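Structure first, commentary second.
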Amino acid sequence: MLMENMTVLQALEKYYGYKSFRPLQQEAIQSVLGGKDTLLILPTGGGKSVCYQLPPIVQNGLCLVVSPLISLMKDQVNALTQNGIPAAFINSSLSASENNDLLKKAMQKQLKLLYVSPEKLVNDMAVFAGLPLSLVAIDEAHCVSQWGHDFRPEYTQLKVIKEQFPGVPVMALTATADKVTRRDIATQLGMHEPEILVGSFNRQNLSLEVRANLPARERYTQIANMINKYRNDSGIIYCLSRKTTEQLAEKLAGFGIEAGVYHAGLSHEKRNSVQDDFINDRLKVICATIAFGMGIDKSNVRYVIHYNLPKNIEGYYQEIGRAGRDGLPSETRLYYNYGDLRILTTFASEGALAEINLEKLKRMHQYAEADVCRRKILLSYFGEVLEKDCGNCDVCKNPRRHFDGTVVVQKALSAMKRMNEEVGMQMLIDVLRGSRKAEVTEKGYQNVKTFGAGSQHSFFEWQHYINQMLNLGLVEIAYDENFSLKITQSGNEVLFGKKTQQLVVFDAEKEKFNKTDKPKTKKEKREEGLFEALKKKRQELAAAKGVPAYTVFNDATLTEMAEKTPLFVEDLAEISGIGEFKQKEYGSIFVQTIRDFLLHNEVGKVKNLSYFQTFEAYQKGLTAQEIAKERGLNKGTVYGHLAWLIDHSENIEVSNYLSKTDLEDIIKAVKHLESAEYLNGIKEYLNDRLEYGLIKLGVAYLKKKGKLRF
Ligand code: ADP
Ligand code: ZN
């Protein structure tokens, strides 16, 4: 059933329904087809899987895929099977005889892809050595490197692959961005003069945003708003601690939002069920520690929120990368405050890698505090240069406004000095604002000369300025002296008037909890309504098959369907993500869903819809006259519509409109005229006995029945 004489592009279209390759996919495929070991580095969502899945298809070969997680294997095999590509996985969850059957199938070239865990491969090398392999793919290849963020000892033995199958090219795939790890992968796997392909890490469809130092209440409201904005879609909220995931889920429940909790402290079963509910869209929101997400390929995650600052940029980038794999616009938002920084600093200071960890944390912090395009910073961290500002981060969208903050800074510094640099941020602000709290008066700080000198600014405004002073290096926090603030050299220069200081304007806008949406145009309403109807259908089909919904069609495909409203199965060909197999399997079901939706909702003008409105009336058994009346058309138009429907392969019975004699007469007329194109000629030949619309209908019908030669 699998053709060998296809180009890779044809195979991409046939099996996946994609019209073109994404960057580096073709290069990677050609490289292994040319027999070269290949290291492919693409970000999450970059489309790595296709790169090892296509070669065995066009090569009439078998690809062995080493993959670290059973959940990932299952997902991939599901997705492949649904695209009509024979694939299977071998692991400990199967019985010995099941495994043997699969191996037999692989021997007989009835499989294109065989997934296996690294342990299994290494332990049973002899079994696999007999397979007719054309490629070995090593997914999540960073696991082989001690330098990587997810080192797995089982992976280190994979060197035997090159020893056992010297003639078979190896493709190692990873989304790791870190250069040391990349180099190490090739060495660890014993790759031979590998072709190394590194893609861009820019994922322009992910918006980037940071919100700093907001009180918890404010954060809850904003997060609830984000969830409601995407109430039919999935999202992940990453928290620093197990406790926070639980607290946050509880707070969200107060907004009427059901959020799942996922962390390493839960039982194995509980974690599996939460993950399963998320993958299958039964649970839309998860509050998780970073333990969540590794085994998930879910393509329709629309937002990722970090409730706390991540430890480093690698982790952050990987976590936000779980949004928008399908390429549709998706939002990411990072919240952080000094509390996070304190905890993370403590963590990072422990252990042998303290120096590196602290440095990485510092970079993360700088990113969060940046007032230039965030994507530029992110990409430069991975060694990539973005020429232009991205336009899709909070800094680009809302450029920072500055003012001369010298006086503000001087007030704060002078207050600090007068309190012997012994106080923390809270006390400093209280004194600047002239608070008569017990804590203040106990120390006699109400007598400090600058007491109340900043009373015109709110607490949050001061917090905003002092945070900037920290980031600008005018003050620093003495973690070992009760977090008191100290003035730096640079701070002294401002205090003594040696230099001025610009600050970013404080933006006091507060977000309110907001359940209502902004008004929508008719087209937007139609597209949204249809998208939901399509998702519902997808869910039904997926549940019946026991596969995750997004593996039936991903959101990008459904969105395109909702936009283009294909009314015939053939029209689906122009939509991305529908290969031949899925078109056969699901095409008519989705087309019917689209027709039904358009016919039974207020949808405005849609191309060709009028024909189907006539069709529906016809199916109710109405006469042409009645249809015309109901639809406010003339009878001729109704006949024309029916003719069009026949031309488009719909079943229309014409005996209600045309007698046997009428049809025979039309055949005669056409014979005489030697063409069925001259409807007027036919009409004349029949002495105007039949009206134009009826002749059109008769011709369409006779053509379809093969009774006219033309
Ligand atoms: P990765 O493994 O790199 O994270 P995937 O292989 O899961 O990425 O691909 C991400 C998404 O992009 C999937 O939904 C996949 O089907 C889709 N995709 C892959 N290649 C293409 C392509 N050439 N055109 C359109 N979509 C693609
Ligand atoms: Zn930007």
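Would you mention how many residues in region 81-98 are of a type in the set (A, V, I, L, M), open to solvent by less than 10 Å² (accessible area, probe 1.4 Å) and at pLDDT below 95?
The qualifying residues number 1.
Do you know which of the residues in region 441-485 that are part of a strand (DSSP E or B) and of a type in the set (Val, Ile, Thr) is modelled with the highest pLDDT?
The residue in question is VAL475.
Let me confirm something: among GLN53, GLN76, GLN30, GLN26, which residue is within 20 Å of LEU133 (Cβ to Cβ), surrounded by fewer than 19 Cβ atoms within 10 Å (Cβ to Cβ) and away from ligand 2 (no atom under 16 Å from the Cβ)?
The conditions single out GLN30.
Here is a check on your reading of the model: is LYS48 charged (D, E, K, R), within 21 Å of the chain's Cα centre (by Cα) and over 16 Å from THR551 (Cβ atoms)?
yes
What number of residues in region 561-584 are touching a Pro at 6+ places or on another chain (Cβ under 9 Å) and either closer than 29 Å to GLY295 by Cα or aromatic (Phe, Trp, Tyr) (or both)?
1
Looking at LEU158, LEU135, LEU94, LEU102, can you tell me which residue is over 28 Å from the mean Cα position of the chain (by Cα) and assigned to a loop (DSSP other than H, G, I, E, B)?
None of the others qualify; the one that does is LEU94.
For residues that are in contact (Cβ under 8 Å) with a residue 60 or more places away in the chain and of a type in the set (Gly, Ala, Ser), scanning just region 548-572, find the one that is nearest to ligand 1 (Cβ to nearest atom).
Taking the candidates together, the pick is ALA556.
I need a count of the residues in region 88-139 that are over 23 Å from VAL58 (Cβ atoms) and without any contact (Cβ under 8 Å) to a residue 12 or more places away in the chain.
Of the residues in region 88-139, the ones over 23 Å from VAL58 (Cβ atoms) are 90-101, 103-104, 117-127, 129-130.
Add one more test, that the residue is without any contact (Cβ under 8 Å) to a residue 12 or more places away in the chain, and what stays is 94-101, 104, 123-124, 126.
Count: 12.
If the Cβ limit is 8 Å and pairs must be 6+ apart or interchain, which residue in region 432-446 that is among the acidic types (Asp, Glu) pairs with which residue that is surrounded by 14 or more Cβ atoms within 10 Å (Cβ to Cβ)?
Once the first residue is among the acidic types (Asp, Glu) and sits in region 432-446, its partners that are surrounded by 14 or more Cβ atoms within 10 Å (Cβ to Cβ) give GLU439/MET427; GLU439/ASP430.
So which residues in region 312-324 are open to solvent by 10 Å² or more (accessible area, probe 1.4 Å) and either touching a strand residue (DSSP E or B) at 6+ places or on another chain (Cβ under 7 Å) or within 16 Å of ligand 2 (Cβ to nearest atom) (or both), if there are any at all?
TYR317, GLU319, ARG322
Go over the candidates GLU195, GLU163 one by one and state the one that is more than 30 Å from LEU328 (Cα to Cα), open to solvent by 30 Å² or more (accessible area, probe 1.4 Å) and modelled with pLDDT of 95 or more. Step through it out loud before you land on a result.
On the way: GLU163 fails: modelled with pLDDT of 95 or more.
From the options GLU195, GLU163, the qualifying one is GLU195.
For residues that are in a loop (DSSP other than H, G, I, E, B) and modelled with pLDDT under 90, scanning just region 113-132, find the one that is surrounded by the most Cβ atoms within 10 Å (Cβ to Cβ).
By that ranking, first place goes to ASP124.
Checking the structure you have, find out if any residue of region 326-346 is surrounded by fewer than 14 Cβ atoms within 10 Å (Cβ to Cβ), modelled with pLDDT of 95 or more and under 30 Å from LYS48 (Cα atoms).
Taking every residue of region 326-346 in turn, at least one turns out to be surrounded by fewer than 14 Cβ atoms within 10 Å (Cβ to Cβ), modelled with pLDDT of 95 or more and under 30 Å from LYS48 (Cα atoms).
Which one of these does PHE151 not meet: (1) surrounded by 15 or more Cβ atoms within 10 Å (Cβ to Cβ); (2) within 27 Å of the chain's Cα centre (by Cα)?
Result: PHE151 fails condition (1) only.
Would you mind stating whether GLU369 is touching a residue at least 24 places away in the same chain (Cβ under 8 Å) and not aromatic (Phe, Trp, Tyr)?
Numbers: touching a residue at least 24 places away in the same chain (Cβ under 8 Å): yes; not aromatic (Phe, Trp, Tyr): yes.
The answer is yes for GLU369.
If we scan region 7-17, do we find a residue that is open to solvent by less than 40 Å² (accessible area, probe 1.4 Å), over 28 Å from ARG183 (Cβ atoms) and assigned to a loop (DSSP other than H, G, I, E, B)?
yes
Being within 29 Å of ASN202 (Cα to Cα), within 10 Å of ligand 1 (Cβ to nearest atom) and buried (at least 21 other Cβ atoms within 10 Å of the Cβ): is that true of LYS48 here? Steps first, answer last, please.
Details: within 29 Å of ASN202 (Cα to Cα): yes; within 10 Å of ligand 1 (Cβ to nearest atom): yes; buried (at least 21 other Cβ atoms within 10 Å of the Cβ): yes.
Criteria met by LYS48.
Could you grab the pairs with beta carbons closer than 8 Å, sequence gap of 6+ or different chains, first residue in region 512-524 and open to solvent by less than 100 Å² (accessible area, probe 1.4 Å), second one at pLDDT 85 or above?
PHE513/THR221; PHE513/ALA224; PHE513/ASN225; PHE513/PHE255; ASN514/ASN225; ASN514/ASN228; ASP517/LYS229; LYS520/GLU528
Taking helices (runs of 4 or more DSSP H) that fall entirely within region 267-365, which contain at least 1 residues that are farther than 30 Å from PHE21 by Cβ?
268-279, 338-349
Tell me, which helices (runs of 4 or more DSSP H) wholly within region 369-440 include 2 or more residues that are within 16 Å of ligand 2 (Cβ to nearest atom) and open to solvent by 60 Å² or more (accessible area, probe 1.4 Å)?
It comes to 374-381.
Is there a residue in region 210-233 that is crowded, with 19+ Cβ neighbours inside 10 Å and within 16 Å of ligand 2 (Cβ to nearest atom)?
Yes: region 210-233 contains one or more residues that are crowded, with 19+ Cβ neighbours inside 10 Å and within 16 Å of ligand 2 (Cβ to nearest atom).
So, in region 662-681, exactly how many residues are under 58 Å from the mean Cα position of the chain (by Cα) and either in a helix (DSSP H, G or I) or β-branched (Val, Ile, Thr) (or both)?
6
The values are calculated or read from the model by the stated rules, or taken from the named source; none is laboratory data. All values reported here derive from a predicted model rather than from experimental measurement. FYI the Cβ positions are ideal-geometry reconstructions off the backbone, even for glycines, and counts take in every protein chain you see. Surface accessibility is based on the protein's heavy atoms, side chains included, excluding ligands, DNA and RNA. Shrake-Rupley method; radii C 1.70, N 1.55, O 1.52, S 1.80 Å.
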